[in-house]
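First the structure, in the form of structure tokens, and then the observations on it.
Throughout, read-outs are computed from the coordinates displayed, never taken from laboratory work. This one's a predicted model, so the numbers in the text were calculated from it and none came from an experiment. FYI the Cβ positions are ideal-geometry reconstructions off the backbone, even for glycines, and counts take in every protein chain you see.
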Amino acid sequence: MENTARLPVLFATAGLIFVAVMAYVNRGGSLALATLVGGFAGFALYHASFGFTAGWRRIISERRSTGLRAQFMLIALTALVSYPLIAWGGAYAWVQPISVSLVVGAFLFGMGMQLGGGCGSGTLFVVGGGSTRMVITLLFFIIGSVIGVAHIGFWWNLPSAGRVSLLNEFGPVTAFLILIAILGALAYGAMQLEKRAHGSLEPARKTGSLIRGPWSPWMGAVALAAVGILTFLVLNRPWGITQAFGFWGAKAAYVAGVPTDVWFLEPWSEKRLNQSVFADSTSVMDFGIILGAMLAASLAGKWKPVWSLSASEIGTAVVGGLLMGYGARLGFGCNIGAYLGGLVSGSMHAWVWAAAAFAGSTVIVKWRMPRAPATPQNAPS
């Protein structure tokens, strides 16, 4: 490895060690372990190119289902362990109300992820991989989150149907069978859609080197299921991403002297805003994702930031980030926290979130799809 290639490897490794040590100093061994779990998540996300955004975009625009089916595999593998942990081990479940706030937030998030080029986890691992454009997306993701925090009191007062947990209603075994039946039906439908459009299923990318990548989407799903399960074991809760963004933005505004009475502070009390970011479990995992992805990109010889961006790239990054940040706060999280975290907790709000976010993604993907030239066969009548 050349000296120039060693530098980002050393930086990423030193960064992971630093965050883990700071997490240990602030909250002990569990947070230090959470940092390393986040690092592994970033490593896996980068090598598998595992993003919800691309999987949804491809099924909408190209009728290709590999990414979507890999996501279903991730959900099923995680739930296989999380359901009994929650039911019998006392782990915390992410069960949220089905509400106007949820639907609006998820729809905005779905639009934003297609404009911004990544969801919550996607934004972090692409930043770690060296994308300067995604740094802009992340910055405005944080700003949008703070705006969402300021408005959340209004949205949470709108109508809500309450919380529904399949685990509470049916128990872990039946709830898991229901989940598998739904995921299986969706996967079958996606495969049939792809076969009708292309005649056969697209061969998935194969795994190359475990260290340098690339990884297959199936290996990515297994690795990220391990991340989700480890998060339950280490932190006693589902994996989350975007709550940290709101915390970072709220903390920055608080330090800058913005009066706290102009926003709705929950869940960030003044006491918590005075705490270190290294005492926040979601924050240290997110730092780990960025550094783990940087390590993966460096080992693959692909950590080469591009500093020239067009006005269009900057504009979509800004708008996408704002929509995702605002939508995540209204909708109880992103694809990881609200969707994956909700489903592996047995919460029905996750299915509503997924439907609304997919609708928002569809609007943007269809709008941005290239139009076929007008011909006698396809000219408007």
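List of remarks:
- Under the span-like rule (Cα at least 20 Å along the axis, Kyte-Doolittle mean at least 1.0), DSSP H helices of the chain: 3-27, 29-48, 66-89, 100-116, 132-156, 172-198, 217-235, 281-299
- Under the simplified labelling scheme, the Leu80-Tyr188 pair shows an inter-label distance of 2.0 nm, with each label point 7 Å from Cα along Cα→Cβ.
- Across region 201-216, coupling constants 3J(HN,Hα) worked out from phi with the 6.51/-1.76/1.60 Karplus curve, θ = phi - 60°, read 7, 5, x, 6, 4, 8, 6, x, 7, 5, 8, 9, x, x, 10, 6 Hz, and Gly and Pro carry x.
- Taking every C-alpha pair closer than 8 Å and separated by at least 6 residues, the mean separation divided by the residue count of region 3-367 gives a relative contact order of 42 percent.
- A simple charge model with +1 on the Cβ of Lys and Arg, -1 on the Cβ of Asp and Glu and nothing else charged puts the dipole of region 3-367 at about 840 debye relative to its Cα centre.
- Shape class for the chain: rounded, because the ratio a/c of the largest to smallest gyration tensor axis (alpha-carbon atoms, square roots of eigenvalues) is under 1.5.
- Shape class for region 13-103: oblate, because the ratio a/c of the largest to smallest gyration tensor axis (alpha-carbon atoms, square roots of eigenvalues) is 1.5 or more and b/c is at least a/b.
- Amide H to amide H distances under 5 Å link Ser99 with Ala161, where only residues 5 or more positions off or on other chains count and H is placed in the peptide plane.
- Among Ser30, Ser99, Ser310, sorting on how many other beta-carbon atoms sit within 10 Å of each Cβ, with the fewest leading, yields Ser310, Ser30, Ser99.
- Length gained on full extension, Thr174 to Ile314: 45.7 nm, using 0.36 nm per residue less the C-alpha separation.
- Counting lysine pairs in the chain whose alpha carbons fall under 26 angstrom apart, excluding pairs fewer than 8 residues apart on the same chain, gives 5.
- For the peptides 345-352, 302-309, the ranking by packing is 345-352, 302-309, with the highest mean count of neighbouring Cβ atoms within 10 Å listed first.
- Label-to-label distance for Ile17 and Arg196 is 5.6 nm, based on points extended 7 Å past Cα in the beta-carbon direction.
- Between the listed residues Ser312, Tyr92, Leu138, the Cα displaced farthest toward the positive end of the dipole of the chain, a dipole computed from Cβ unit charges relative to the Cα centre, is found at Ser312.
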